[in-house]
Amino acid sequence: MSKWRCGFGLIALVPLLFVLAPDMASAQGSVQDRAAPNWPCLGRSNLPWDEQITRCSEAMDSPKLTDKERAGFLVNRGVAHKGKGELDLALADYNEAARLDPGGASVFNNRGLIYQAKGDPDRALADFNEAIRLDPHDAAAFNNRGSFYQKTDFDRAITDYSEAIRLAPDHAFAFTNRCRAYATKRDFAHALADCDQSIKLDPNDWRPFELRAGIEDAQGNTFRAIDDYSQAFRLNPQDVRALYWRGRAKAKLDDKSADADIVAAKKIDPNVAHPTMTLAELQKICQRLDGDSGITACNFVLGDTLDDNSALNRRGSLYRAADKPDFALADFNHAIAHDPKDAAAYTNRCLVYWDKKDFIRALSDCNTAILIDPSDAGRFNARGLVYQANGDLDRALTDYNKAIELNPKDVADYFNRATIYKQKGDLDRALNNYNDVIALNPNDSDAYRRRGAIYQDKGDTKNATADYDTADRLGLLSLSKTGSVQ
């Protein structure tokens, strides 16, 4: 039985993922050959670790075992302990196995993995060397010593991986590991050849796909990189690195799904981001994404500090759009407490109060926003909504006029002003404002529907029917809560 080592790393300045295949642990077979075919003390990952530990312990109760046979069961039980993360218990088994069978190469190979996992490099290297001395045909020992050298001496690592491949040319893992070593040296041609061979030998292992994606990404082959990141993630849905870097690769192509990949990855593992993923980039994603993904992105920006008003305003607006007014109010309250001069926060809180029909508080907040920043059309549009909902049509009309003066390209202001004229019975002016809406946004089906109603009120059946037909063709679109009143 064999297991190979797996680890990760990054090259500075280049988004290149490095993957090591799993450690190659060696299970004994001599005692197993004397047992029943379904004997579970095998040191294999496809059998329950606890059951293997129990059966190995039971097997060692036999007084007829030779020292070599007992050492074999200890090695297999040690593999099971390591599989459960019980490194000290595994080490105790390997120490006893080494005492009973000092000529067993697999004992030292496995114990070297434990020392390496426990951060004892000198003992790890000594054990790998001893395993190779005892059995110079042990591919696992060369692979594991290569993974040891991978951290400090890439050339030695490549030499050991190459020997492992010579001894076991059908094992994909050594090709993956050598691919990583070549990639670290920027020898991308040899690296890609090794990753290709690893995938050919084992197309169900996600690691070489992720590693090859990083190499392609570093070379500017973005489409190929995205394909490989996708395959790695498909084979291993827990591989958040592949999901994250797929998002980064998509961003290079201005793919709109890039942000969703990055946020989904960070939601699974908040620490997945590469050091070059700046706060400014996260802030942009927070502002771009809608719905739950947008809220999640803003969560990453805010953390526990709640000191970024732009993110607070964005998240609060997303909560409001999701019909979570209390969450929205909390964010806008935090923003105002953090910066009492934040006109946007007052405007946003005004709209939440408008939603809740608390017109007194809404009007107070909109007035404050306009006092702080009288140059923003949105502040007047928001206050117009409050006046209109409260029945003060003249003041609402004045605010919509001011909003249009400040920003003549905002469809919502014309839309809202049209509804005022409609309420006041001025159908011609209402019609003119719906004309303006349609001129600015020819795909606004609701504007066609409402203009059709105006034509119908004026007795113009022909134009009314044409507008209703256009609205049906475009499909009725729900009005934005922040854009207009019914």
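The values are calculated or read from the model by the stated rules, or taken from the named source; none is laboratory data. In this text, all values refer to a predicted model and were calculated from it rather than measured experimentally. Cβ: placed from backbone, ideal geometry, glycine included. Neighbour counts: every protein chain shown.
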Note: among Thr159, Thr176, just one is assigned to a helix (DSSP H, G or I) and in contact with a strand residue (DSSP E or B) (Cβ under 8 Å, 6 or more places away or on another chain), namely Thr176
Output the residue which, of all residues in the stretch 448-471 that are surrounded by fewer than 15 Cβ atoms within 10 Å (Cβ to Cβ) and under 13 Å from Tyr434 (Cβ atoms), is farthest from the chain's Cα centre (by Cα).
Lys458
Could you check, for the stretch 109-119, whether at least one of its residues is at pLDDT below 95, among the β-branched types (Val, Ile, Thr), assigned to a helix (DSSP H, G or I) and closer than 21 Å to Gly214 by Cα?
no
Only one of these conditions is not met by Ala328: (1) in contact with a Phe, Trp or Tyr (Cβ under 9 Å, 6 or more places away or on another chain); (2) closer than 27 Å to Thr419 by Cα. Which number is it?
(2)
Would you point out which residue out of Ala193, Ala174 is at pLDDT 95 or above, small (Gly, Ala, Ser) and in contact with a Phe, Trp or Tyr (Cβ under 9 Å, 6 or more places away or on another chain)?
Ala193
If you scan the stretch 206-226, which residues turn out to be of a type in the set (Gly, Ala, Ser) and either in a helix (DSSP H, G or I) or buried (at least 19 other Cβ atoms within 10 Å of the Cβ) (or both)?
Ala213, Gly214, Ala218, Ala225
Out of the residues in the stretch 432-446 that are of a type in the set (D, E, K, R) and part of a helix (DSSP H, G or I), which is farthest from the chain's Cα centre (by Cα)?
Asp436
Hey, does the stretch 450-463 have a residue that's more than 27 Å from Asp355 (Cα to Cα), in contact (Cβ under 8 Å) with a residue 12 or more places away in the chain and not in a helix (DSSP H, G or I)?
yes
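Residues checked against (1) buried (at least 19 other Cβ atoms within 10 Å of the Cβ); (2) at pLDDT below 90:
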residue: Pro48; (1), (2): no, yes
residue: Arg55; (1), (2): yes, yes
residue: Ser62; (1), (2): no, yes
residue: Leu74; (1), (2): yes, no
residue: Arg77; (1), (2): yes, no
residue: Leu89; (1), (2): no, no
residue: Ala97; (1), (2): yes, no
Name the one entry in Leu312, Leu282 that is over 29 Å from Arg361 (Cβ atoms) and touching a Phe, Trp or Tyr at 6+ places or on another chain (Cβ under 8 Å).
Leu282
Cross-chain or 6+ apart pairs with Cβ under 7 Å, the stretch 88-110 first and acidic (Asp, Glu), then in a helix (DSSP H, G or I) and buried (at least 17 other Cβ atoms within 10 Å of the Cβ):
Asp93/Leu74; Asp93/Arg77; Asp93/Gly78; Asp93/His81; Glu96/Leu74; Asp101/Ala71; Asp101/Val107
Quick check on Ala189: is it surrounded by fewer than 16 Cβ atoms within 10 Å (Cβ to Cβ) and within 28 Å of Asp228 (Cα to Cα)?
yes
Name the pairs whose Cβ atoms lie under 8 Å apart, with the first residue in the stretch 169-184 and more than 9 Å from Leu201 (Cβ to Cβ), the second among the charged types (D, E, K, R) and assigned to a helix (DSSP H, G or I), and 6 or more positions between them or separate chains?
Thr176/Asp194; Thr176/Arg207; Arg178/Asp194; Cys179/Asp194; Cys179/Arg212; Tyr182/Asp194
Looking only at the stretch 227-245, count every residue that is hydroxyl-bearing (Ser, Thr, Tyr) and surrounded by fewer than 24 Cβ atoms within 10 Å (Cβ to Cβ) and tell me the total.
1
Taking first residues from the stretch 293-309 that are at pLDDT 80 or above and second residues anywhere that are outside any loop (DSSP other than H, G, I, E, B) and β-branched (Val, Ile, Thr), the pairs with Cβ under 8 Å that are 6 or more apart or on different chains are Asp308/Val301
Which one of these is surrounded by fewer than 21 Cβ atoms within 10 Å (Cβ to Cβ), assigned to a helix (DSSP H, G or I) and at pLDDT 95 or above: Arg383, Arg429, Arg417, Arg349?
Arg429
Inside the stretch 372-402, can you point out the residues that are aliphatic (A, V, I, L, M), within 16 Å of Ala343 (Cα to Cα) and in contact with a Lys or Arg (Cβ under 8 Å, 6 or more places away or on another chain)?
Ile372, Ala377
Scan the stretch 428-440 and tell me whether some residue there is of a type in the set (Val, Ile, Thr) and touching a residue at least 40 places away in the same chain (Cβ under 8 Å).
no
Going through the stretch 227-275 one residue at a time, which ones are in a helix (DSSP H, G or I) and of a type in the set (D, E, K, R)?
Asp227, Asp228, Arg234, Arg241, Arg246, Arg248, Lys250, Lys252, Asp259, Asp261, Lys266, Lys267
